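Please read the structure below before turning to the comments.
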Amino acid sequence: MAHLFTPLTLRGVTLKNRIVVSPMCMYSAEDGFANDWHLVHLGSRAVGGAALVIQEATAVAPEGRITPDDLGIWKDEHLPFLRRITAFIEAQGAVPGIQLAHAGRKASHRSPWKGGTEVPSSEGGWPTVAPSALPFASTETAPQALDQTGIDQVIADFRAATRRALAAGYQVIEIHAAHGYLLHEFLSPLSNQRTDSYGGSFDNRTRLLREVTEAVRAELPADLPLLVRISATDWVADGWSADDSVALARVLQGLGVDLIDCSTGGNVAQAPIPVGPGYQVEFAARIRQETGLPTGAVGLITDARQAEDIIATGQANVVLLARELLRDPYFPLHAAQELGVELPWPNQYERAKPRRR
């Protein structure tokens, strides 16, 4: 059996293999509501053999959306269709997961194919919030620095979203603390210039993520795992670093986090990121090696043998695939064939399964 197709147990949840659908924004919702696009998009990856399907960044508050087209889980009315999605994923033998998110200063933008620019208030845009009144780009409107009341509301929003996610049938929760969104903004000294208990030192800058993690973990049953996605480096001097990420992983491990999903970047508009095959894997490997905490590797993982090598050599516990699964929803089934692993195909597709000679 290839290492890529061995099970992995996190608390009381067992993944049938090590292939995870990375959360990918579809920008296809209205007022936060999921629809048939999300059902087919997520469901087809479950049909394709992925072990864990993590739903895209789902806003814990309307002002936490990246765009007006983002999914949301800030009201109970969102739940009926989400239950339909989780039920279908589970029926295919996969585990339904959800990434809970707040976009911070990167909220209130148009979807990528609509230009990606700020949405003005005259067109339905909304004020954004951040640790400090510093815009992501010099051409953008400065966000409002959160006061204690606003910070308390963010924590409450993540807590309430967790309760709703459980009611909707999700078995894995991931906190989004990466890519320059709100929680990452608090972590990085480049975006967090506060002088109160949420700014300055490492302990202060990690405070909000710790408090959100504690709130989410408190709502989760003991047998359900909690993941955190981080940007392991800002890729610029004096920003959040790989050393910081190792230290943070140790802290999160003590708060009941079960796996660190290791991405990078997103908090600096023009960061020099050395993009290439597997360019972020080293961060997952280092955190796993130095802390013992399970990690997930993501970023230009595009073929079966590359993914197998990451797992077989102990660089990460799972691989999270994004664009490759957009190109090929059935990547896990095809990867199994390439690696010589016999996997059952869905009954409806069995007649198309390649036969060995």
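Please treat every number below as a calculation from the coordinates, not as lab data. The structure presented is a predicted model; accordingly, all values stated were derived computationally and were not measured. Every residue, glycine as well, gets a Cβ built from its backbone with ideal geometry; the counts of neighbours run over all protein chains shown.
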### In sequence order, calculated HN-Hα J values of region 332-337 (Karplus, 6.51, -1.76, 1.60; Hz; x Gly/Pro)
x, 5, 6, 5, 4, 4
### Task
Mind jotting down the three principal axis lengths of region 128-198 based on Cα atoms? Whole angstrom, largest first.
41, 23, 19
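Fewest first, what order do Y170, Y349 take by the number of other Cβ atoms within 10 Å?
On the way: Y170 29, Y349 12.
So the ranking, lowest neighbour count to highest, is Y349, Y170.
G93: net charge of surrounding residues, Cβ under 14 Å, Lys/Arg +1, Asp/Glu -1, itself excluded?
Details: positive: K16, R45; negative: E90.
With Lys, Arg at +1 and Asp, Glu at -1, the neighbours total +1.
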### Message
Of the candidates Q148, Q337, Q193, which one comes out as most mobile in a Gaussian network treatment of the chain with C-alpha springs shorter than 10 Å?
### Response
Q148
### Task
Within 10 Å of each residue's Cβ, count the other Cβ atoms and sort V119, V216 from fewest upward.
V119, V216
### Overall Cα dimensions of region 242-357, principal axis frame, Å, largest first
51, 34, 24
### Query
Among L42, A61, S108, which residue has its Cα positioned farthest towards the positive end of the charge dipole of region 1-154, with +1 placed on the Cβ of Lys and Arg, -1 on the Cβ of Asp and Glu, and the dipole taken about the Cα centre?
L42
#### Entry: Distribution of pairwise C-alpha distances over region 110-255, 5 Å bins, in %
2, 9, 17, 20, 19, 16, 11, 5, 1, 0
### Base-10 log of normalised Debye intensity for the chain (one unit scatterer per alpha-carbon) at q = 0.06, 0.09, 0.15 Å⁻¹
-0.20, -0.46, -1.33
### Value of Rg/Rh across region 1-82 [Cα atoms, Kirkwood radius]
1.05
### Message
I need the P(r) histogram for region 1-155: all alpha carbon pairs, bin width 10 Å from 0 out to the longest distance, whole percents.
### Response
11, 34, 29, 19, 7, 0
### Dipole of the chain, positive direction: furthest Cα of T213, A232, L259, with charges on the beta-carbon
L259
### Summary
Quick note on L339, L100, ordering by fewest other C-beta atoms within 10 Å, gives L339, L100
### Query
How many percent of DSSP beta bridges within region 3-341 run antiparallel, rounded to 5?
10 percent
### Query
Zone of Q270 (label point 7 Å along Cα→Cβ, backbone N under 13 Å): which residues in region 121-155?
137-139
### Task
Place a +1 charge on the Cβ of each Lys and Arg in region 3-341 and a -1 charge on the Cβ of each Asp and Glu, then give the dipole magnitude about the Cα centre in debye, rounded to the nearest 20.
460 debye
